[in-house]
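Visitor: Take this structure, written in C-alpha coordinates, and hold onto it; I'll ask about it next.
The values are calculated or read from the model by the stated rules, or taken from the named source; none is laboratory data. Model, not experiment: these values are computed from the prediction. Glycine gets a Cβ as well: all are built from the backbone with ideal geometry, and neighbour counts include every protein chain shown.
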Amino acid sequence: MAVTGWFVLLVALGVVPVVVLSPFAPAGFVLLMWLVLCAVLATVDLLLAASPRALRLERRIDDRVRLTETARAELLVSNTGRRALRGVVRDAWEPSAGARPRRHTTTVPAGERRSIVSALTPWRRGERRTELVAVRAFGPMRLAARQATTRVPGSIMVLPEFASRRHLPSRLARLRELDGRTALMVRGQGTEFDSLREYVRGDDVRSIDWRATARRAGGPGPGGAPAQTLMVRTWRPERDRHVVIVVDSGRTAAARIADETRLDTAFESTLLLAALADRAGDRVDTAVYDRRVRGRVQGARGANLLTKLVETMAPIDPELLETDWTAVPGLVRSMTSQRSLIVLCTPLESPGATRSLLAMLPQLTQKHLVLVASVTDPSLAEAAAARGDRGEIYRAAAAERALLDAERVGAAVRRLGGDVVSAAPLDLPPAVADRYLAYKAAGRL
(Lines give C-alpha, C1' and ligand atoms only; values in the text may rest on other atoms or scores of the structure.)
Protein backbone atom coordinates (compact mmCIF):
# COMPACT_ATOMS: atom_id res chain seq x y z
CA MET A 1 0.00 0.00 0.00
CA ALA A 2 1.07 3.56 -0.69
CA VAL A 3 -0.57 6.91 0.03
CA THR A 4 -0.46 9.77 -2.43
CA GLY A 5 -0.01 13.49 -2.14
CA TRP A 6 -3.77 13.88 -2.42
CA PHE A 7 -4.21 11.94 0.83
CA VAL A 8 -1.69 14.20 2.58
CA LEU A 9 -3.55 17.24 1.27
CA LEU A 10 -6.84 15.81 2.50
CA VAL A 11 -5.41 15.33 5.99
CA ALA A 12 -4.04 18.88 5.96
CA LEU A 13 -7.47 20.22 5.07
CA GLY A 14 -8.61 18.96 8.49
CA VAL A 15 -7.51 22.34 9.80
CA VAL A 16 -10.70 23.83 8.35
CA PRO A 17 -13.26 21.73 10.33
CA VAL A 18 -11.12 22.04 13.46
CA VAL A 19 -11.24 25.84 13.24
CA VAL A 20 -14.90 26.01 12.20
CA LEU A 21 -16.24 23.52 14.74
CA SER A 22 -13.97 24.47 17.66
CA PRO A 23 -16.74 26.64 19.32
CA PHE A 24 -19.10 23.64 19.30
CA ALA A 25 -16.85 20.63 20.04
CA PRO A 26 -13.39 19.94 21.40
CA ALA A 27 -10.67 20.43 18.78
CA GLY A 28 -9.08 17.06 19.58
CA PHE A 29 -12.35 15.21 18.98
CA VAL A 30 -12.93 17.01 15.65
CA LEU A 31 -9.37 16.22 14.52
CA LEU A 32 -9.77 12.55 15.46
CA MET A 33 -13.03 12.26 13.51
CA TRP A 34 -11.38 13.91 10.49
CA LEU A 35 -8.51 11.44 10.59
CA VAL A 36 -10.93 8.52 10.83
CA LEU A 37 -12.81 9.86 7.80
CA CYS A 38 -9.57 10.17 5.82
CA ALA A 39 -8.59 6.62 6.76
CA VAL A 40 -11.98 5.26 5.69
CA LEU A 41 -11.81 7.07 2.34
CA ALA A 42 -8.27 5.80 1.74
CA THR A 43 -9.33 2.23 2.58
CA VAL A 44 -12.29 2.40 0.21
CA ASP A 45 -10.06 3.86 -2.50
CA LEU A 46 -7.53 1.08 -1.94
CA LEU A 47 -10.18 -1.63 -2.21
CA LEU A 48 -11.44 -0.17 -5.50
CA ALA A 49 -7.95 -0.05 -7.05
CA ALA A 50 -6.94 -2.73 -9.55
CA SER A 51 -4.52 -5.39 -8.37
CA PRO A 52 -1.02 -4.93 -9.86
CA ARG A 53 -0.42 -8.65 -9.40
CA ALA A 54 -3.10 -9.33 -12.01
CA LEU A 55 -0.82 -7.88 -14.67
CA ARG A 56 1.19 -10.00 -17.12
CA LEU A 57 4.42 -8.32 -18.21
CA GLU A 58 6.53 -9.09 -21.29
CA ARG A 59 9.61 -7.45 -22.79
CA ARG A 60 10.75 -6.65 -26.31
CA ILE A 61 14.28 -5.20 -26.39
CA ASP A 62 16.82 -4.61 -29.13
CA ASP A 63 19.66 -7.13 -28.91
CA ARG A 64 22.46 -4.59 -29.06
CA VAL A 65 23.24 -0.91 -29.46
CA ARG A 66 26.40 1.11 -29.97
CA LEU A 67 27.57 3.37 -27.18
CA THR A 68 25.84 6.82 -27.27
CA GLU A 69 23.20 5.56 -29.74
CA THR A 70 19.57 5.03 -28.72
CA ALA A 71 17.74 1.70 -28.55
CA ARG A 72 14.07 0.86 -27.99
CA ALA A 73 12.92 -1.11 -24.95
CA GLU A 74 9.23 -2.08 -24.98
CA LEU A 75 7.29 -3.41 -21.98
CA LEU A 76 3.92 -5.05 -22.74
CA VAL A 77 1.43 -4.73 -19.86
CA SER A 78 -1.61 -7.06 -20.05
CA ASN A 79 -4.42 -6.58 -17.50
CA THR A 80 -5.98 -9.95 -16.64
CA GLY A 81 -8.02 -8.55 -13.72
CA ARG A 82 -11.59 -7.28 -13.55
CA ARG A 83 -10.85 -3.60 -12.89
CA ALA A 84 -9.14 -1.03 -15.08
CA LEU A 85 -5.65 -0.17 -13.92
CA ARG A 86 -4.74 3.49 -13.55
CA GLY A 87 -1.25 3.90 -12.26
CA VAL A 88 2.48 4.33 -12.70
CA VAL A 89 4.95 1.76 -14.03
CA ARG A 90 8.67 2.05 -13.23
CA ASP A 91 11.12 -0.12 -15.16
CA ALA A 92 14.26 -0.50 -13.02
CA TRP A 93 17.06 -0.30 -15.61
CA GLU A 94 20.63 0.27 -14.44
CA PRO A 95 21.46 4.00 -14.33
CA SER A 96 24.19 3.50 -16.97
CA ALA A 97 21.54 2.23 -19.41
CA GLY A 98 20.23 5.80 -19.69
CA ALA A 99 16.54 4.82 -19.72
CA ARG A 100 14.12 7.69 -20.36
CA PRO A 101 11.54 8.22 -19.03
CA ARG A 102 12.04 6.32 -15.79
CA ARG A 103 8.33 6.36 -14.85
CA HIS A 104 5.34 5.84 -17.12
CA THR A 105 1.78 6.87 -16.34
CA THR A 106 -0.62 4.44 -17.97
CA THR A 107 -4.21 3.20 -18.01
CA VAL A 108 -4.94 -0.43 -18.91
CA PRO A 109 -8.61 -1.44 -19.13
CA ALA A 110 -9.56 -4.91 -17.94
CA GLY A 111 -8.72 -7.61 -20.49
CA GLU A 112 -6.60 -5.29 -22.64
CA ARG A 113 -2.88 -4.72 -23.23
CA ARG A 114 -0.80 -1.57 -23.47
CA SER A 115 2.76 -0.95 -24.66
CA ILE A 116 5.20 1.12 -22.63
CA VAL A 117 8.31 2.25 -24.53
CA SER A 118 11.57 3.47 -23.00
CA ALA A 119 14.47 5.01 -24.92
CA LEU A 120 17.84 3.58 -23.86
CA THR A 121 20.90 5.79 -24.45
CA PRO A 122 23.66 3.98 -22.53
CA TRP A 123 26.88 5.69 -21.52
CA ARG A 124 28.86 2.56 -20.57
CA ARG A 125 29.87 -0.49 -22.57
CA GLY A 126 28.87 -4.02 -21.65
CA GLU A 127 25.65 -5.74 -20.74
CA ARG A 128 23.11 -3.36 -19.25
CA ARG A 129 20.42 -5.18 -17.32
CA THR A 130 17.06 -4.72 -15.68
CA GLU A 131 15.45 -7.17 -13.27
CA LEU A 132 12.36 -5.62 -11.68
CA VAL A 133 9.25 -3.72 -12.70
CA ALA A 134 7.34 -1.80 -10.02
CA VAL A 135 3.63 -1.06 -10.62
CA ARG A 136 1.58 1.33 -8.49
CA ALA A 137 -2.21 1.11 -9.12
CA PHE A 138 -4.30 4.05 -7.84
CA GLY A 139 -7.90 3.98 -6.71
CA PRO A 140 -10.58 6.16 -8.34
CA MET A 141 -10.08 8.94 -5.74
CA ARG A 142 -6.24 8.72 -6.06
CA LEU A 143 -5.82 8.76 -2.29
CA ALA A 144 -4.13 5.37 -1.95
CA ALA A 145 -2.52 2.85 -4.26
CA ARG A 146 -1.63 -0.80 -4.38
CA GLN A 147 1.98 -1.51 -5.23
CA ALA A 148 3.78 -4.64 -6.35
CA THR A 149 7.20 -5.45 -7.76
CA THR A 150 7.53 -8.17 -10.40
CA ARG A 151 10.72 -9.79 -11.61
CA VAL A 152 10.93 -9.39 -15.41
CA PRO A 153 14.62 -9.75 -16.40
CA GLY A 154 15.97 -8.15 -19.54
CA SER A 155 19.29 -6.99 -20.94
CA ILE A 156 20.91 -5.24 -23.87
CA MET A 157 24.53 -5.46 -25.04
CA VAL A 158 26.22 -2.07 -25.47
CA LEU A 159 28.97 -2.22 -28.10
CA PRO A 160 31.96 0.16 -28.39
CA GLU A 161 31.12 3.41 -30.11
CA PHE A 162 33.90 3.25 -32.76
CA ALA A 163 33.84 7.04 -33.07
CA SER A 164 37.21 6.91 -34.84
CA ARG A 165 35.59 5.40 -37.94
CA ARG A 166 35.26 8.97 -39.23
CA HIS A 167 39.02 8.83 -39.87
CA LEU A 168 38.76 5.68 -41.99
CA PRO A 169 37.85 7.20 -45.40
CA SER A 170 40.89 9.52 -45.46
CA ARG A 171 43.24 6.69 -44.45
CA LEU A 172 41.74 4.38 -47.06
CA ALA A 173 42.38 7.06 -49.69
CA ARG A 174 46.02 7.20 -48.66
CA LEU A 175 46.17 3.41 -48.77
CA ARG A 176 44.83 3.43 -52.33
CA GLU A 177 47.52 5.94 -53.25
CA LEU A 178 50.16 3.57 -51.89
CA ASP A 179 48.64 0.73 -53.86
CA GLY A 180 48.76 2.79 -57.07
CA ARG A 181 45.03 2.44 -57.68
CA THR A 182 44.30 6.17 -57.89
CA ALA A 183 45.01 8.70 -60.58
CA LEU A 184 47.83 10.16 -58.48
CA MET A 185 49.95 7.07 -59.10
CA VAL A 186 51.99 7.64 -55.96
CA ARG A 187 54.92 5.26 -55.83
CA GLY A 188 54.68 2.86 -52.89
CA GLN A 189 57.90 1.85 -51.17
CA GLY A 190 57.05 -1.79 -50.63
CA THR A 191 58.91 -4.82 -51.91
CA GLU A 192 56.30 -6.33 -54.25
CA PHE A 193 57.12 -5.43 -57.87
CA ASP A 194 54.20 -3.79 -59.67
CA SER A 195 55.21 -2.47 -63.11
CA LEU A 196 57.68 -0.41 -65.15
CA ARG A 197 57.18 3.18 -66.26
CA GLU A 198 59.22 6.04 -67.63
CA TYR A 199 61.34 8.10 -65.32
CA VAL A 200 59.97 11.48 -64.23
CA ARG A 201 61.67 14.16 -62.20
CA GLY A 202 61.45 13.41 -58.49
CA ASP A 203 61.70 9.62 -58.78
CA ASP A 204 64.27 7.86 -56.65
CA VAL A 205 67.28 7.12 -58.89
CA ARG A 206 67.68 3.83 -57.02
CA SER A 207 64.46 2.67 -58.70
CA ILE A 208 65.93 2.88 -62.22
CA ASP A 209 65.91 -0.49 -63.97
CA TRP A 210 69.00 -0.33 -66.17
CA ARG A 211 68.30 -3.58 -68.00
CA ALA A 212 64.83 -2.42 -68.99
CA THR A 213 66.32 0.91 -69.99
CA ALA A 214 68.87 -0.81 -72.25
CA ARG A 215 66.20 -2.97 -73.89
CA ARG A 216 64.15 0.13 -74.63
CA ALA A 217 66.84 2.04 -76.41
CA GLY A 218 65.30 4.66 -78.65
CA GLY A 219 66.29 6.16 -81.98
CA PRO A 220 69.19 8.56 -82.57
CA GLY A 221 69.25 11.51 -80.25
CA PRO A 222 71.11 14.82 -80.49
CA GLY A 223 74.61 14.34 -81.91
CA GLY A 224 73.68 10.99 -83.47
CA ALA A 225 73.93 9.03 -80.17
CA PRO A 226 71.09 6.60 -79.43
CA ALA A 227 68.45 8.13 -77.12
CA GLN A 228 67.79 6.37 -73.84
CA THR A 229 64.42 6.43 -72.06
CA LEU A 230 65.05 5.70 -68.41
CA MET A 231 62.69 3.10 -66.95
CA VAL A 232 61.92 2.84 -63.24
CA ARG A 233 60.31 0.08 -61.24
CA THR A 234 57.14 0.80 -59.33
CA TRP A 235 56.28 -1.08 -56.19
CA ARG A 236 53.26 -1.60 -54.09
CA PRO A 237 52.93 -2.28 -50.37
CA GLU A 238 53.00 -5.92 -49.37
CA ARG A 239 49.77 -7.78 -48.74
CA ASP A 240 48.82 -10.67 -46.52
CA ARG A 241 51.09 -9.48 -43.74
CA HIS A 242 50.25 -10.13 -40.12
CA VAL A 243 49.19 -7.51 -37.55
CA VAL A 244 48.85 -8.62 -33.93
CA ILE A 245 47.24 -6.19 -31.46
CA VAL A 246 47.61 -6.81 -27.72
CA VAL A 247 45.42 -4.54 -25.56
CA ASP A 248 46.45 -4.09 -21.94
CA SER A 249 43.37 -4.42 -19.68
CA GLY A 250 45.26 -4.19 -16.38
CA ARG A 251 45.16 -1.62 -13.60
CA THR A 252 46.53 1.32 -15.60
CA ALA A 253 43.84 0.88 -18.26
CA ALA A 254 41.14 1.88 -15.76
CA ALA A 255 42.28 5.53 -15.54
CA ARG A 256 39.85 7.98 -17.11
CA ILE A 257 41.21 10.61 -19.50
CA ALA A 258 38.89 13.04 -21.29
CA ASP A 259 35.72 11.27 -20.08
CA GLU A 260 36.76 7.79 -21.21
CA THR A 261 38.98 5.07 -19.84
CA ARG A 262 42.32 4.25 -21.38
CA LEU A 263 40.88 0.87 -22.27
CA ASP A 264 38.14 2.51 -24.36
CA THR A 265 40.76 4.57 -26.19
CA ALA A 266 42.75 1.40 -26.86
CA PHE A 267 39.61 -0.25 -28.26
CA GLU A 268 39.04 2.72 -30.58
CA SER A 269 42.62 2.48 -31.83
CA THR A 270 42.27 -1.27 -32.32
CA LEU A 271 39.06 -0.98 -34.33
CA LEU A 272 40.44 1.71 -36.65
CA LEU A 273 43.73 -0.11 -37.23
CA ALA A 274 41.97 -3.45 -37.76
CA ALA A 275 39.58 -1.96 -40.32
CA LEU A 276 42.45 -0.27 -42.19
CA ALA A 277 44.77 -3.30 -42.14
CA ASP A 278 41.98 -5.60 -43.29
CA ARG A 279 41.27 -3.33 -46.24
CA ALA A 280 45.00 -3.43 -47.02
CA GLY A 281 44.83 -7.21 -47.28
CA ASP A 282 46.67 -7.93 -44.04
CA ARG A 283 45.60 -10.42 -41.39
CA VAL A 284 44.64 -8.96 -38.03
CA ASP A 285 44.56 -10.88 -34.74
CA THR A 286 43.68 -9.25 -31.43
CA ALA A 287 43.97 -10.22 -27.77
CA VAL A 288 42.86 -8.36 -24.64
CA TYR A 289 45.14 -9.37 -21.81
CA ASP A 290 46.18 -8.59 -18.21
CA ARG A 291 47.04 -11.79 -16.33
CA ARG A 292 44.77 -13.89 -18.49
CA VAL A 293 43.33 -13.54 -21.96
CA ARG A 294 40.08 -11.62 -21.50
CA GLY A 295 39.15 -11.70 -25.17
CA ARG A 296 40.64 -13.01 -28.40
CA VAL A 297 39.80 -12.65 -32.11
CA GLN A 298 41.73 -14.70 -34.68
CA GLY A 299 41.21 -15.63 -38.30
CA ALA A 300 38.36 -13.19 -39.00
CA ARG A 301 38.38 -11.19 -42.24
CA GLY A 302 36.21 -8.55 -43.86
CA ALA A 303 33.02 -7.37 -42.18
CA ASN A 304 33.15 -10.34 -39.84
CA LEU A 305 36.37 -8.96 -38.28
CA LEU A 306 34.81 -5.76 -36.90
CA THR A 307 31.69 -7.64 -35.79
CA LYS A 308 33.73 -10.10 -33.76
CA LEU A 309 35.93 -7.36 -32.36
CA VAL A 310 33.09 -5.22 -31.01
CA GLU A 311 31.29 -8.28 -29.62
CA THR A 312 34.47 -9.40 -27.86
CA MET A 313 35.33 -5.95 -26.50
CA ALA A 314 31.84 -4.99 -25.31
CA PRO A 315 31.75 -6.84 -21.93
CA ILE A 316 35.41 -6.27 -20.98
CA ASP A 317 36.27 -3.87 -18.15
CA PRO A 318 39.73 -3.19 -16.71
CA GLU A 319 41.00 -5.47 -13.95
CA LEU A 320 42.57 -3.76 -10.94
CA LEU A 321 45.79 -5.77 -11.03
CA GLU A 322 49.21 -5.52 -12.63
CA THR A 323 49.60 -6.86 -16.15
CA ASP A 324 51.86 -9.92 -16.47
CA TRP A 325 54.06 -8.92 -19.42
CA THR A 326 56.26 -12.01 -19.12
CA ALA A 327 53.54 -14.12 -20.75
CA VAL A 328 53.03 -11.79 -23.74
CA PRO A 329 55.77 -13.30 -25.96
CA GLY A 330 54.15 -16.72 -25.56
CA LEU A 331 50.77 -15.19 -26.38
CA VAL A 332 52.21 -13.63 -29.56
CA ARG A 333 53.83 -16.93 -30.58
CA SER A 334 50.45 -18.64 -30.25
CA MET A 335 49.00 -16.14 -32.71
CA THR A 336 51.78 -15.87 -35.30
CA SER A 337 55.05 -17.56 -36.22
CA GLN A 338 56.16 -15.12 -38.93
CA ARG A 339 57.54 -11.61 -38.69
CA SER A 340 54.60 -9.35 -37.88
CA LEU A 341 53.64 -5.91 -36.69
CA ILE A 342 52.97 -6.20 -32.94
CA VAL A 343 50.95 -3.31 -31.52
CA LEU A 344 50.94 -3.05 -27.72
CA CYS A 345 48.17 -0.72 -26.49
CA THR A 346 49.39 0.23 -23.03
CA PRO A 347 50.22 3.49 -21.22
CA LEU A 348 53.86 4.49 -20.79
CA GLU A 349 54.15 6.05 -17.35
CA SER A 350 56.96 5.97 -14.82
CA PRO A 351 59.98 3.69 -15.36
CA GLY A 352 59.02 1.68 -12.28
CA ALA A 353 55.52 0.91 -13.59
CA THR A 354 56.86 -0.20 -16.99
CA ARG A 355 59.87 -2.22 -15.79
CA SER A 356 58.32 -5.58 -16.68
CA LEU A 357 57.24 -4.25 -20.10
CA LEU A 358 60.76 -3.05 -20.90
CA ALA A 359 62.27 -6.34 -19.72
CA MET A 360 59.97 -8.30 -22.05
CA LEU A 361 60.32 -6.06 -25.10
CA PRO A 362 63.61 -7.49 -26.55
CA GLN A 363 61.93 -10.89 -26.92
CA LEU A 364 59.52 -9.31 -29.40
CA THR A 365 61.77 -6.79 -31.16
CA GLN A 366 64.38 -9.37 -32.15
CA LYS A 367 61.86 -10.89 -34.58
CA HIS A 368 58.91 -8.50 -34.97
CA LEU A 369 58.22 -4.86 -35.69
CA VAL A 370 56.86 -3.58 -32.36
CA LEU A 371 54.76 -0.44 -31.88
CA VAL A 372 53.67 0.76 -28.43
CA ALA A 373 50.50 2.89 -28.58
CA SER A 374 50.16 5.03 -25.46
CA VAL A 375 47.41 7.50 -24.58
CA THR A 376 48.56 10.73 -22.92
CA ASP A 377 46.66 13.10 -20.66
CA PRO A 378 46.32 16.55 -22.30
CA SER A 379 45.69 18.10 -18.88
CA LEU A 380 49.33 17.43 -17.99
CA ALA A 381 50.55 19.89 -20.62
CA GLU A 382 48.02 22.45 -19.41
CA ALA A 383 49.09 21.99 -15.79
CA ALA A 384 52.77 22.23 -16.75
CA ALA A 385 52.17 25.62 -18.37
CA ALA A 386 50.27 27.15 -15.42
CA ARG A 387 52.26 29.46 -13.10
CA GLY A 388 49.52 31.50 -11.42
CA ASP A 389 50.07 30.81 -7.72
CA ARG A 390 52.04 28.53 -5.44
CA GLY A 391 49.60 25.63 -5.84
CA GLU A 392 49.76 25.83 -9.63
CA ILE A 393 53.56 25.90 -9.50
CA TYR A 394 53.63 22.69 -7.47
CA ARG A 395 51.16 21.07 -9.88
CA ALA A 396 53.26 22.26 -12.82
CA ALA A 397 56.34 20.66 -11.30
CA ALA A 398 54.49 17.36 -10.82
CA ALA A 399 53.16 17.52 -14.40
CA GLU A 400 56.65 18.22 -15.77
CA ARG A 401 57.98 15.22 -13.86
CA ALA A 402 55.21 12.99 -15.26
CA LEU A 403 55.90 14.17 -18.82
CA LEU A 404 59.63 13.65 -18.35
CA ASP A 405 59.05 10.11 -17.05
CA ALA A 406 56.91 9.31 -20.09
CA GLU A 407 59.65 10.63 -22.41
CA ARG A 408 62.28 8.53 -20.63
CA VAL A 409 60.17 5.38 -20.98
CA GLY A 410 59.53 6.14 -24.67
CA ALA A 411 63.26 6.59 -25.25
CA ALA A 412 63.92 3.27 -23.51
CA VAL A 413 61.42 1.53 -25.79
CA ARG A 414 63.18 2.94 -28.85
CA ARG A 415 66.59 1.85 -27.57
CA LEU A 416 65.22 -1.68 -27.24
CA GLY A 417 64.16 -1.67 -30.90
CA GLY A 418 60.52 -0.71 -30.56
CA ASP A 419 58.58 2.30 -31.77
CA VAL A 420 56.25 4.59 -29.82
CA VAL A 421 53.23 6.65 -30.75
CA SER A 422 51.68 8.79 -27.99
CA ALA A 423 48.68 11.08 -28.30
CA ALA A 424 45.56 12.33 -26.54
CA PRO A 425 42.48 10.06 -26.55
CA LEU A 426 40.88 11.63 -29.64
CA ASP A 427 44.19 11.73 -31.54
CA LEU A 428 45.62 8.31 -30.72
CA PRO A 429 43.51 6.15 -33.13
CA PRO A 430 44.38 8.19 -36.26
CA ALA A 431 48.01 8.45 -35.09
CA VAL A 432 48.28 4.66 -34.89
CA ALA A 433 46.69 4.33 -38.34
CA ASP A 434 49.12 6.89 -39.76
CA ARG A 435 52.08 5.01 -38.31
CA TYR A 436 50.81 1.79 -39.92
CA LEU A 437 50.59 3.55 -43.29
CA ALA A 438 54.10 4.92 -42.80
CA TYR A 439 55.39 1.38 -42.26
CA LYS A 440 53.63 0.33 -45.46
CA ALA A 441 55.09 3.23 -47.44
CA ALA A 442 58.60 2.54 -46.13
CA GLY A 443 58.42 -1.16 -46.92
CA ARG A 444 58.88 -2.13 -43.25
CA LEU A 445 55.71 -4.24 -43.22
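Visitor: Scan the helices (runs of 4 or more DSSP H) fully inside region 254-339 and keep the ones with 3 or more residues being more than 20 Å from the chain's Cα centre (by Cα) and more than 16 Å from VAL244 (Cβ to Cβ).
Guide: Correct list: empty, since no element meets the threshold.
Visitor: Examine region 53-75 for a residue that is in contact (Cβ under 8 Å) with a residue 24 or more places away in the chain, of a type in the set (Lys, Arg), out of contact with any Asp or Glu (no Cβ under 7 Å at 6 or more places or on another chain) and part of a helix (DSSP H, G or I), and state whether such a residue exists.
Guide: yes
Visitor: In addition: Take the residues in region 14-44 that are aliphatic (A, V, I, L, M) and under 24 Å from ARG146 (Cβ atoms); name whichever of them is nearest to the chain's Cα centre (by Cα).
Guide: Residue satisfying both the conditions and the ranking: ALA42.
Visitor: Let me confirm something: among ARG142, ARG136, which residue is closer than 21 Å to LEU10 by Cα and either in the same structural domain as ASP317 (by TED's automatic domain parsing) or in a loop (DSSP other than H, G, I, E, B) (or both)?
Guide: ARG142
Visitor: I've got another one for you. Out of LEU428, LEU404, which single residue is within 19 Å of ILE257 (Cβ to Cβ) and free of Cβ contacts under 8 Å to residues at least 12 places away in the same chain?
Guide: On inspection, the qualifying residue turns out to be LEU404.
Visitor: Being at pLDDT 85 or above and either touching a Ser or Thr at 6+ places or on another chain (Cβ under 9 Å) or of a type in the set (Val, Ile, Thr) (or both), is that true of even one residue in region 164-171?
Guide: Yes: region 164-171 contains one or more residues that are at pLDDT 85 or above and either touching a Ser or Thr at 6+ places or on another chain (Cβ under 9 Å) or of a type in the set (Val, Ile, Thr) (or both).
Visitor: Cβ contacts < 6 Å: first residue farther than 23 Å from THR265 by Cβ, restricted to region 377-392; second residue assigned to a loop (DSSP other than H, G, I, E, B) and of a type outside the set (Asp, Glu), any location; separation 6+ or different chain. Result?
Guide: That search, which allows pairs on different chains as well, returns GLU392/ALA386.
Visitor: Check ARG279, ARG233, ARG174 and return the single one that is under 16 Å from ALA442 (Cα atoms) and modelled with pLDDT of 90 or more.
Guide: Going through ARG279, ARG233, ARG174 in turn, the sole match is ARG174.
Visitor: Hey, can you tell me all the residues within region 1-50 that are in a helix (DSSP H, G or I), small (Gly, Ala, Ser) and either under 25 Å from ALA134 (Cα atoms) or assigned by TED's automatic domain parsing to the domain that holds ALA110 (or both)?
Guide: GLY5, ALA39, ALA42
Visitor: Condition first: within 37 Å of the chain's Cα centre (by Cα), in a strand (DSSP E or B) and either touching a residue at least 40 places away in the same chain (Cβ under 8 Å) or surrounded by 16 or more Cβ atoms within 10 Å (Cβ to Cβ) (or both). Now tell me which residues in region 78-105 satisfy that.
Guide: VAL88, VAL89, ARG90, ASP91, ALA92, TRP93, ALA99, HIS104
Visitor: Evaluate the following for THR326: is it in the same structural domain as ALA280 (by TED's automatic domain parsing) and surrounded by 18 or more Cβ atoms within 10 Å (Cβ to Cβ)?
Guide: Criteria not met by THR326.
Table: residues versus (1) surrounded by fewer than 19 Cβ atoms within 10 Å (Cβ to Cβ); (2) part of a helix (DSSP H, G or I); (3) at pLDDT below 90.
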position: LEU357; (1), (2), (3): no, yes, no
position: GLN363; (1), (2), (3): yes, yes, no
position: VAL372; (1), (2), (3): no, no, no
position: ALA381; (1), (2), (3): yes, yes, yes
position: ASP405; (1), (2), (3): yes, yes, no
position: VAL413; (1), (2), (3): no, yes, no
position: LEU426; (1), (2), (3): yes, no, no
position: TYR436; (1), (2), (3): no, yes, no
